[in-house]
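One structure below.
Derivation of every value follows stated rules applied to the coordinates shown; laboratory data play no part. Not measured: the values here are computed from a predicted model. Cβ placement follows ideal geometry from the backbone for every residue including glycine, while neighbour counts extend to all protein chains displayed.
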Amino acid sequence: MKKGRVFSGARPTGRQHIGNYLGAIQNYVALQEEYECVYCVVDLHALTTLTDTDKLRANTEEMALDWLAAGMDPQKSIIFVQSHVPQVTELHTILSMVTPMGWLTRLPTFKEKIRIQPDNVNYGLLGYPVLMAADITLYKADSVPVGEDQAPHLEFTREIVRRFNFHFGPVLVEPQMKLTPFPRVMGLDGVNKMSKSLDNHIELASSPEEIERRVMTMVTDPQRRYRTDPGRPEVCNVFAFHGFFSPKEVEAIESECKGALVGCVDCKRALARNLAQSLAPFREKRAEMARDPDLVWEILRDGAARASLIAQETIAEVKQKVGLP
Ligand code: SF4
């Protein structure tokens, strides 16, 4: 039976952190077994903010290295860089002709972006969802993994597809949502989502020493002031991480914490140890791959060549349907 095709993309943010892994990469790896996956580093999307563009290449390389070392497999999936397949910009232009301005200006995400960068409200920001629709439809993806909060974005793509197909005939595939329960991974502060910009993260490629240094700064149960106070694991971010990385010990930690039988410092040390152990195979594979800097670009170039075959077919069908000579 023919496998379904999944598309997903992520902006090149450089080295990935644990939140990226638990919230996306882990799922990317699992999907490869069931689907034909198309995974894209969306570098054109990154241009909308016009910051750090001099780091685009390095950030792309670092992110791709992390993806590959974490198990995203170029033998199973197409892994490539968005701008290496230029048909996406053609499709973006054509889809923009069927996208009413009002749809774009009304989007809460656009309003939020204006708030964040009021001095650079460019067309790219407004057209961002159209480029996203081009990404998904160019590769004829029939499913897109989304968390509940991203569902409206995909619905927007589906609306563009329906409008395009209504005008020109059924060419584009209307992607289905693959609702995925992504865990919400909090940062070291325990208050905000893990994020590099807030510097509350742990990179996947961190050394065991760096992991320990970062884990020791984690916020615990704020009411537990003394070692003899019973703790509340249910409100403690360290405990949440034990849930991800200490599956065999988590029950014991819960009862020891509640019974004041373990101190927070020792509890964090145990987490740092388990985290470093879990990430050891990743670190080794990454270090090995990083020794040959051309390797990652070869993989990305090969991915782009395979993605181009699908893209060329789609764009030819689209042009023919819209009547471009
Ligand atoms: Fe959190 Fe561990 Fe301290 Fe309990 S003992 S409050 S789980 S860090």
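Odds and ends about this structure:
- Two-site FRET efficiency, V121 against M97, from Cβ-Cβ distance with R₀ of 22 Å, rounded to 0.05: 0.50
- Dividing the helix sum by the residues of the chain, where each DSSP H run of 4 or more adds -39500 (n - 2.57), gives a mean residue ellipticity at 222 nm of -16000 deg cm²/dmol.
- The residues R213, R273, R291, when put in order of fewest to most other Cβ atoms within 10 Å, stand as R291, R213, R273.
- Ranked list, fewest to most other Cβ atoms within 10 Å of each Cβ, for R283, R162, R115: R115, R162, R283
- Here the mean projected area of the convex hull built on the C-alpha positions of the chain is 18.8 nm².
- For the chain, the longest site-free run once GluC sites (Glu not before Pro) in DSSP loop states with at most 13 other Cβ atoms within 10 Å are removed: 35-325
- Assigned charges on the beta-carbon of Lys, Arg, Asp, Glu; region 208-287 dipole about Cα centre (debye): 220 debye
- Aspartates and glutamates with Cα under 16 Å of K319, excluding same-chain neighbours fewer than 8 positions away: E90
- Rounded to the nearest 20, the size of the Cβ-charge dipole of the chain about its Cα centre is 540 debye, with Lys and Arg at +1 and Asp and Glu at -1.
- Of all lysines in the structure, those lying under 17 Å Cα to Cα from K258, and not within fewer than 8 positions of it along the same chain, are K268.
- At R0 = 22 Å, FRET efficiency that the Cβ-Cβ distance of A58 and Q312 yields, to 0.05: 0.15
- Based on the Stokes-Einstein relation at 25 °C and a viscosity of 0.890 mPa s, and on the Kirkwood radius from alpha carbon pairs, region 56-124 is assigned a translational diffusion coefficient of 160 µm²/s.
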